[in-house]
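The values are calculated or read from the model by the stated rules, or taken from the named source; none is laboratory data. It should be emphasised that the depicted structure is a prediction, and the values quoted were computed from it without experimental measurement. Neighbour counts are summed over all protein chains in view; Cβ atoms, including those assigned to glycine, are modelled from backbone coordinates with ideal geometry. SASA here: full protein model, heavy atoms, side chains in, ligands and nucleic acids out. Shrake-Rupley method; radii C 1.70, N 1.55, O 1.52, S 1.80 Å.
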Amino acid sequence: MERPYVIVSAAMSLDGFLDDDAPERLVLSNAADFDRVDAVRAGVDAIAVGAGTVRADDPRLLVRSRERREARAAAGRAPSPLRVVFSPSGDLDPRARLFRTGEDRPVVYTSAAGLRECRLGPEAAEVVATAEREVDLEAALADLAGRGVERLLVEGGGVVHTAFFSADLVDEAHLAVAPFLLGERGGARFVYAAGFPQSPDRPLRLVEARAIGEIALLTYRRD
């Protein structure tokens with residue numbers, strides 16, 4: 001296997017924002033959709049976010065449902081998937097919940113420069129340099145494949161989404177769309193300007209569209 005199957009997952013406003021400009025995190029989804037995402041988490045081998053998401057949301061990236069955690073354990077798997085962070089600078093706070101909770105250490109992919117500056121001790125995370133001044137996504141995915149990761153769930157943020165889409169490394173996308181626009185109050189975006197191979201000449205294929213309360217779930221796959 002050259003690389004894991006990559007699923008990008010995001011909740012966003014109608015105009016493509018992941019958050020607004022308020023200090024508190026904006027909730028874009030609902031309880032039923034949160035449970036759906038938890039089920040997706042339980043079915044993958046690793047969950048990845050960017051350093052910006054760690055700083056902004058302080059996530060734990062764990063499977064929440066006790067039943068799903070127990071089912072994974074009964075199948076001989078860790079209760080939650082491997083947790084992964086992409087951080088070119090290596091500037092991550094060891095006090096973040098990601099590095100203080102869970103059964104296993106997260107893996108942080110960084111640059112050689114970031115490795116020299118990283119403040120994470122070996123008890124907090126395994127830090128891997130993939131290139132001199134950036135994160136080489138293909139090298140990181142190859143390393144994850146070597147660790148037995150067959151399915152990777154990428155949960156943000158916009159910089160990481162942009163990197164994966166522009167590098168043509170996305171096999172599936174789950175988009176939960178909230179029924180409002182943020183406009184000038186918008187903060188982080190789902191993706192930013194880049195050269196995307198998923199163009200009108202090579203679109204993604206819509207495989208599911210359904211309502212989850214007021215949320216619209218759209219699932220796309222590479223054709």
Residue within the stretch 56-66 that is open to solvent by 20 Å² or more (accessible area, probe 1.4 Å) and either of a type in the set (Val, Ile, Thr) or assigned to a strand (DSSP E or B) (or both) present: no
Selection within the stretch 73-93 - open to solvent by less than 50 Å² (accessible area, probe 1.4 Å) and within 26 Å of residue 161 (Cβ to Cβ): 78, 80, 81, 82, 83, 84, 85, 86, 87, 90, 92
Check on residue 132, farther than 12 Å from residue 50 by Cα and modelled with pLDDT under 95: yes
Matching residues in the stretch 1-55 - criterion: being in a loop (DSSP other than H, G, I, E, B) and among the basic types (Lys, Arg): 3, 25
Tally of residues being open to solvent by less than 10 Å² (accessible area, probe 1.4 Å), under 18 Å from residue 43 (Cβ atoms) and outside any strand (DSSP E or B) across the stretch 144-174: 3
Complete set of residues in the stretch 175-206 that are in contact (Cβ under 8 Å) with a residue 60 or more places away in the chain and either open to solvent by 70 Å² or more (accessible area, probe 1.4 Å) or not in a strand (DSSP E or B) (or both): 178, 179, 180, 181, 182, 183, 185, 187, 188, 189, 190, 191
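Filter the stretch 129-143 for residues that are part of a helix (DSSP H, G or I), without any contact (Cβ under 8 Å) to a residue 60 or more places away in the chain and open to solvent by 30 Å² or more (accessible area, probe 1.4 Å) and give the result.
To start, the set of residues in the stretch 129-143 that are part of a helix (DSSP H, G or I) comprises 137-143.
Okay, now just the ones that are also without any contact (Cβ under 8 Å) to a residue 60 or more places away in the chain, so 137, 139-140, 143.
Within the stretch 129-143, 139, 143 qualify.
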Number of the exception - residue 119 against (1) more than 17 Å from residue 160 (Cβ to Cβ); (2) within 18 Å of the chain's Cα centre (by Cα); (3) surrounded by fewer than 20 Cβ atoms within 10 Å (Cβ to Cβ): (2)
Some residue of the stretch 95-109 being hydrophobic (A, V, I, L, M, F, W, C) and in a helix (DSSP H, G or I): yes
Residue tally, condition open to solvent by 10 Å² or more (accessible area, probe 1.4 Å) and under 10 Å from the mean Cα position of the chain (by Cα), over the stretch 11-55: 1
Residue in the stretch 21-36 that is farthest from residue 211 (Cα to Cα), counting only those that are among the charged types (D, E, K, R) and touching a residue at least 12 places away in the same chain (Cβ under 8 Å): 21
